[in-house]
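To start, the structure itself, in structure tokens.
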Amino acid sequence: MGRRNLTEQGATAWAVVVAAGEGRRMRTGALAGGPKKPFLELAGRAILMRTLDAVAACPLVERIVVAVAPEDVAMTKELIAPERERLRVAAVVAGGPRRQETVRLALEALPDTVEVVAVHDGVRPFVPHEIFSAAIVAARRTGAACVALPVKDTLKRVAGECGASGPVIGKTVDRSDLWGAQTPQAFRASDLRRLLKKATRDGVEVTDDTQLFDRAGLAVEAVRGDARNIKITTPEDLAMAEAIVANAAGGMLERHDDMRVGTGLDLHPLVPGRRLVVCGIELESDVGGAGHSDADAAAHAAIDALLGACAMGDIGTLFPDTDPAHKDACSVEMLADVSARVREGGFEPRSLDITVMLAKPKLGPHVARMREAVSRATCLEIERVSVKAKSMNGLGPVGEGAAYAAQAAALVVKSRDRETRDD
Ligand code: MG
């Protein structure tokens with residue numbers, strides 16, 4: 001676990017939305033001669049615009065670069081113009097003939113300060129923003145992450161030509177370790193730049209960016225995707241996408257019927273010579289929290305609230321204070337870790353409300369940054385994160401300035417569509 005304070009990183013994740021493919025598979029039959037697939041309308045809105053809606057819903061994405069075929073740049077700019085601000089689109093750039101060339105060209109539009117870049121297909125409009133965030137968080141942690149989903153169908157090798165008698169089903173392929181790759185795929189921007197350059201130099205061609213990392217021997221973390229995150233490639237996919245949009249209003253996309261609430265509480269003594277950290281923000285103070293980690297009681301309460309909602313134990317069992325690895329640990333990073341574990345456990349955090357009890361300094365001027373830090377760590381949209389302050393009016397150890405306390409409440413939803421594979 002790194003010691004770097006997440007809150008000091010700034011908003012440095014950008015997204016690249018790739019929509020430069022020709023879409024030959026779509027422009028057949030009844031759709032021949034029609035618009036290319038990113039520009040096809042899905043329930044009255046271009047697929048690309050729906051994809052940008054989904055990416056812009058991710059609170060960790062600062063800006064978006066859209067890459068389209070050179071002949072589509074002007075049209076795309078026009079399409080996006082009325083909503084450019086809301087969608088945080090920084091640039092529309094011309095892509096190349098191949099995907100990796102397109103990504104390389106799009107990266108040129110990114111400032112050097114961008115730390116993580118998430119590359120997403122322009123024709124995946126249903127990516128849940130939580131998954132987008134999880135990929136960015138994973139890439140921040142490990143350098144590279146790919147959203148993927150275990151293969152559900154039994155896989156068969158098929159031999160022979162499609163003729164009068166048809167191809168023949170052969171051996172069943174073991175699918176126990178097979179996952180289907182989706183997007184986003186998120187990377188440390190400097191690594192992706194370097195590997196793309198090398199691939200161009202070596203004449204290597206890949207169909208997705210993760211392969212570049214794989215070829216270079218760099219680990220890519222798998223982030224569990226979602227069955228709805230389909231890539232609209234064929235007319236059949238478009239029909240499926242229309243069904244997803246139609247059913248969204250009927251509750252297919254959101255299930256709120258299995259909600260769980262958790263609470264957390266923490267108290268640390270305040271002593272000279274220690275840092276005072278509240279929700280990842282270091283405050284100016286003569287005293288700071290005593291404890292094994294950075295003694296961020298607010299983050300600890302949030303962690304216990306999330307774990308409590310999922311009945312997944314508590315902070316003490318996950319991060320024992322006997323473990324030297326957690327000495328002076330950044331608690332907001334622990335909160336990020338716990339949020340990831342909660343999601344891996346099949347729960348989706350929905351809101352977090354933290355009350356900080358501290359005599360001084362006044363927290364008001366720092367609350368916005370605290371909410372932002374918690375939002376980043378938990379991949380919750382900022383309006384789902386609340387931080388409130390109480391001075392305790394001079395009463396008790398907190399009011400007298402001898403201690404710092406916090407309590408938190410979390411709401412999570414049990415995800416029922418995380419299907420288990422039925423063998
Ligand atoms: Mg604590």
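Confirm whether E348 is away from the ligand (no atom under 16 Å from the Cβ), surrounded by 16 or more Cβ atoms within 10 Å (Cβ to Cβ) and within 22 Å of L411 (Cα to Cα). Spell out how you get there, then give the answer.
Details: away from the ligand (no atom under 16 Å from the Cβ): yes; surrounded by 16 or more Cβ atoms within 10 Å (Cβ to Cβ): yes; within 22 Å of L411 (Cα to Cα): yes.
In short, yes.
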> Going by the conditions given, is A227 away from the ligand (no atom under 16 Å from the Cβ), over 23 Å from the mean Cα position of the chain (by Cα) and hydrophobic (A, V, I, L, M, F, W, C)?
Replying inline: no
> Pairs, please: C-beta under 6 Å, at least 6 apart or cross-chain, first residue at positive phi and in the range 381-398, second surrounded by 12 or more Cβ atoms within 10 Å (Cβ to Cβ) and among the aliphatic types (A, V, I, L, M)?
Replying inline: M392/M357; M392/V398
> Considering only the range 272-298, how many residues are within 11 Å of the ligand (Cβ to nearest atom) and touching a residue at least 60 places away in the same chain (Cβ under 8 Å)?
Replying inline: 4
> Of all residues in the range 375-391, how many are in a helix (DSSP H, G or I) and at pLDDT 95 or above?
Replying inline: 0
> Restricting attention to the range 256-267, which residues are surrounded by 22 or more Cβ atoms within 10 Å (Cβ to Cβ) and within 13 Å of the ligand (Cβ to nearest atom)?
Replying inline: G264, D266
> Taking the range 80-98, which residues are crowded, with 20+ Cβ neighbours inside 10 Å and either touching a residue at least 40 places away in the same chain (Cβ under 8 Å) or charged (D, E, K, R) (or both)?
Replying inline: G95
> Restricting attention to the range 309-325, does a residue exist that is modelled with pLDDT of 95 or more, touching a strand residue (DSSP E or B) at 6+ places or on another chain (Cβ under 7 Å), of a type in the set (A, V, I, L, M, F, W, C) and not in a helix (DSSP H, G or I)?
Replying inline: yes
> Within the range 375-395, which residues are farther than 15 Å from E130 by Cβ and touching a strand residue (DSSP E or B) at 6+ places or on another chain (Cβ under 7 Å)?
Replying inline: S386, V387, K388, A389, K390, M392
> Looking at (1) more than 14 Å from A298 (Cα to Cα); (2) under 26 Å from the mean Cα position of the chain (by Cα), can you tell me which one P320 breaks?
Replying inline: (2)
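The values are calculated or read from the model by the stated rules, or taken from the named source; none is laboratory data. Please read all numbers here as calculations on a predicted model, not as lab measurements. Neighbour counts run over all protein chains shown; Cβ positions are idealised from the backbone, glycine included.
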